[in-house]
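In what follows, a structure is listed as structure tokens, so that the remarks can point back to it.
The values are calculated or read from the model by the stated rules, or taken from the named source; none is laboratory data. Nothing here was measured: the structure is a model prediction, and the numbers come from that model. Ideal geometry is used to build each Cβ from the backbone, glycine not excepted, and the neighbour counts take in all protein chains shown.
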Amino acid sequence: MGHNESELSKLRLAVPYYFEQWPRKRWETDAKLMAEAGITLVRMAEFAWSVLEPSRGKYDFSRLDEAMRLFASHNIATILCTPSAAYPPWLHAKHPDIHQVRSNGLLKEYGMRQDACKNHPGYRRAVMKLVRMMATRYGRDERVKAWQIDNELGCHGTARCFCPRCESAFRAWLAGRFEHNINRLNSAWGTAFWSQEYRAFQEVSVPREPADRMGKQGQNPGLLLDFARFSSETNIRFLAEQASIIRKASPRAVITHNLMKGHFDIDYFCLAQELDVVSWDNYPFFELQGEERAPSAFPHAFMRGLKQRNVWVMEQAAGPGGWDYMQPTPEPGRMRVWYFQALARGADLVCFFRWRTARFGIEQYWHGILPHSGIPGSRYGELRQIGTEMRALAAELKETTPEARAAILFDHDSHWSLEFQPQAKEALGVPSLAGCAAQVLSGRGVDFDCIAPNADVSRYALVMAPSLHICSREVAQKLERFVADGGLLVLGPLSGMKDSKNAVVEEPFPGFLSRLAGCTVEEADVFSFVPGCTMRVKLLTGAAVPAQAVAEILAPLTGTLALATYCGRYYSGKAAVTLNHFGKGACLYLGTVFDAAGLSEILLSVLSDRGLGGRALPAAVEVAARTSPSGTSFRFYLNHGSQTLRIDALAPGLELLTGRNITGAITLDALGVAVVKER
Ligand SMILES: [Zn+2]
């Protein structure tokens, strides 16, 4: 067992190649162009089911074999994909009920991807048989460097299926969870509410949305959370079954799956346990919409945090994307600075999506390295430059990884709970609160990890928990130890309100976290619904910053300091933010939602006192580091803007792309990059 670790962490460039979409006579030209640009891997067969199994049980690997052989002759190896995300019409004809059912009860239609029911036995059988054929054929093939299972599980809102098969699987799952004792379920969900006490697991339905509920769900919160967990597990089990088939044929196989930024229907922390390396798809243009600033560092930290090791970017924007509407075209140089962001934040392999822009299919306007014509243009030139620079850095960056003293906790249960019952109109989701925390840290050049609540926090100096809406006694105790030992903890609003069953706790809020927070919540006011209400909170410095969505009126316990107070409504003057010294450390509780500027202002002195404050960076500038096992830091300075900028280097050193010695300031051209090996 065990694969070659250094193989896993090599800096490499890749592209997907849809050999089935291009004439055979073109393949050679593409392979040559790729090799010249420094591409050493192609991802193939991702959507090639109808090529590999043109009719039921008739397998034909000849074209894939030929493509693999041809690329190998140009020293380009293969990331082989299992093509389960999109299935051929013959399978649909055989199983007309293969599709998922939407939450409103309607059956989906053929033509999209990811919309087969993962619990459909016919679909599952066909997938696993094809995977077995592929694993047997290619499991020991030296040209296959890694396996990608499926593609973007759960994309287009497909993580949850409401069909009868999933309903019976859900009942069986619940029976296992509640030890075949329906009374345990009744007590966990509190089904005495609205006379919902079940006598048998067979009586439980999946939480559909009948039309007469006007799209509002209205179901029991315990049911909703357990259905989210069950659906997440369904996807993970589907992936795990494929992984075990591949591992059986190929014990040293490197297995990955391309995860999605901003998709939280599947608990990626659990999914990542099935993978050797996490990879993900990174399209910053969706977030930026043409803005000249650094794309959020949060998804990079989130993906790296799943296994707490470096990642692969399996799809990295190589041009404008879009199905119906196109995103703004990244100007020359932006693809390169986005590449360096991924590298700085812990990506080793980067695969640019796609190689050549498709002539057919809904992704006709999802642009690749080559345009529709196949004639190399500016993006190909930029790829060659990236390839040259990557090769120059490869030896230096070997075994380096981002090392952070700060972490953001991301809890899927809390996310799901707030997704079902957000309580306020805006800004209260765990992803947006976590994104804001990330913006504060990266805006000051502070490196951070993103971790699950059950992860070890002892190595960090700062932990930000944007919302532990669901918080167990165990997690609260772990955080108490972290703070008692000298850590700084920042808790966000609506924390500690619920237990793992999505029931509200009996203790005053923030529940098990009250002792650590040094305060309780007297009452909460969702002022976002109050016409004309513009809430602000006043800091000890006298400055006022805007607050959003919800105000938790905090009652500090003895010894707890009110760091900020509300300036509006009937609770004007009451505490909005508290600071409690606890053991050798401290805990800040935020009773409301701030934007990044406001949060930065509130946290600044507390962070600076502990040497965690960093320094404010211009919006277009990003600074992040990778560190070697022996402690050498490689600091990346990235200019995401179109103006030349001059900024102070954090430490002197050698700039690796130009060979210049850096002593004081660094000049960064528009979309400029500097990589400083610090002395
Ligand atoms: Zn289903």
Open item on the list: Between Leu612, Leu617, which is in contact with a Gly (Cβ under 9 Å, 6 or more places away or on another chain) and surrounded by 17 or more Cβ atoms within 10 Å (Cβ to Cβ)?
Closed with: Leu617
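Quick grid of which residues meet (1) in the same structural domain as Val350 (by TED's automatic domain parsing); (2) of a type in the set (Lys, Arg); (3) within 24 Å of Gly377 (Cα to Cα):
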| site | (1), (2), (3) |
| --- | --- |
| Val15 | yes, no, yes |
| Lys25 | yes, yes, yes |
| Leu33 | yes, no, yes |
| Ala45 | yes, no, no |
| Asp60 | yes, no, no |
| Leu64 | yes, no, no |
| Ala67 | yes, no, no |
Open item on the list: Looking at Ala424 and the list (1) over 24 Å from Ala294 (Cα atoms); (2) at pLDDT 95 or above; (3) in a loop (DSSP other than H, G, I, E, B); (4) of a type in the set (A, V, I, L, M, F, W, C), which single condition is not satisfied?
Closed with: (2)
Open item on the list: Looking at (1) of a type in the set (Gly, Ala, Ser); (2) assigned to a helix (DSSP H, G or I); (3) surrounded by fewer than 21 Cβ atoms within 10 Å (Cβ to Cβ), which one does Ser458 not meet, given that it meets all the others?
Closed with: (2)
Task: Hey, Phe298 within 21 Å of the chain's Cα centre (by Cα), among the aromatic types (Phe, Trp, Tyr) and surrounded by fewer than 22 Cβ atoms within 10 Å (Cβ to Cβ) or not - done: no
Open item on the list: Checking Ala31 against (1) touching a helix residue (DSSP H, G or I) at 6+ places or on another chain (Cβ under 7 Å); (2) part of a loop (DSSP other than H, G, I, E, B); (3) of a type outside the set (Ser, Thr, Tyr); (4) surrounded by fewer than 22 Cβ atoms within 10 Å (Cβ to Cβ): exactly one of these is not met. Which one?
Closed with: (2)
- [ ] Would you check which residues across segment 105-148 are basic (Lys, Arg), part of a helix (DSSP H, G or I) and either away from the ligand (no atom under 15 Å from the Cβ) or more than 21 Å from Phe230 (Cβ to Cβ) (or both) and list them?
- [x] Arg125, Lys129, Arg132, Arg137
Open item on the list: So Thr158 passes all but one of these: (1) in contact (Cβ under 8 Å) with a residue 24 or more places away in the chain; (2) away from the ligand (no atom under 16 Å from the Cβ); (3) among the β-branched types (Val, Ile, Thr); (4) under 25 Å from Arg208 (Cβ atoms). Which condition number does it fail?
Closed with: (2)
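Quick grid of which residues meet (1) surrounded by fewer than 22 Cβ atoms within 10 Å (Cβ to Cβ); (2) closer than 21 Å to Ser467 by Cβ; (3) more than 31 Å from the chain's Cα centre (by Cα):
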residue: Thr534; (1), (2), (3): yes, no, yes
residue: Leu539; (1), (2), (3): yes, no, yes
residue: Ala543; (1), (2), (3): yes, no, yes
residue: Ala555; (1), (2), (3): yes, yes, yes
residue: Val593; (1), (2), (3): no, yes, no
TODO: For Ser84, indicate whether it is closer than 22 Å to Ala228 by Cβ and either among the β-branched types (Val, Ile, Thr) or in contact (Cβ under 8 Å) with a residue 60 or more places away in the chain (or both).
DONE: no
Task: Search result, residues across segment 100-116 that are closer than 19 Å to Ala48 by Cα and either touching a Phe, Trp or Tyr at 6+ places or on another chain (Cβ under 9 Å) or not charged (D, E, K, R) (or both) - done: Tyr110, Gly111, Met112, Arg113, Gln114, Ala116
Task: Residue satisfying condition, being crowded, with 24+ Cβ neighbours inside 10 Å, in contact with a Cys (Cβ under 8 Å, 6 or more places away or on another chain) and not charged (D, E, K, R), within set Tyr566, Tyr589 - done: Tyr589
Open item on the list: Would you confirm whether or not segment 346-358 contains a residue that is assigned to a helix (DSSP H, G or I) and either in contact with a Lys or Arg (Cβ under 9 Å, 6 or more places away or on another chain) or surrounded by fewer than 16 Cβ atoms within 10 Å (Cβ to Cβ) (or both)?
Closed with: no
TODO: Identify the single condition in (1) away from the ligand (no atom under 16 Å from the Cβ); (2) in contact with a strand residue (DSSP E or B) (Cβ under 9 Å, 6 or more places away or on another chain); (3) more than 24 Å from Gly387 (Cβ to Cβ) that Leu41 does not satisfy, given that it satisfies every other one.
DONE: (3)
TODO: Out of the residues in segment 538-583 that are in a strand (DSSP E or B) and in contact with a Lys or Arg (Cβ under 6 Å, 6 or more places away or on another chain), state the one that is nearest to Lys425 (Cα to Cα).
DONE: Pro546
TODO: From the list Val606, Val577, Val623, pick out the single residue that is surrounded by 22 or more Cβ atoms within 10 Å (Cβ to Cβ) and either closer than 26 Å to Val483 by Cα or free of Cβ contacts under 8 Å to residues at least 40 places away in the same chain (or both).
DONE: Val577
TODO: For segment 94-104, enumerate the residues that are within 14 Å of the ligand (Cβ to nearest atom) and of a type in the set (Lys, Arg).
DONE: Arg102
Open item on the list: Suppose we filter Asn181, Asn151, Asn186 for residues that are more than 11 Å from the ligand (Cβ to nearest atom), in contact with an Asp or Glu (Cβ under 7 Å, 6 or more places away or on another chain) and farther than 29 Å from Pro251 by Cα; which single one remains?
Closed with: Asn186
Task: Output for segment 162-178, where each listed residue is assigned to a loop (DSSP other than H, G, I, E, B) and either more than 16 Å from the ligand (Cβ to nearest atom) or at positive phi (or both) - done: Phe178
TODO: Starting from segment 11-29, keep only residues that are closer than 11 Å to Arg63 by Cβ and in contact (Cβ under 8 Å) with a residue 12 or more places away in the chain, then list their pairs with residues that are of a type in the set (A, V, I, L, M) and outside any helix (DSSP H, G or I) whose Cβ atoms are within a distance under 6 Å, requiring at least 6 positions of separation or different chains.
DONE: Glu20/Ala48
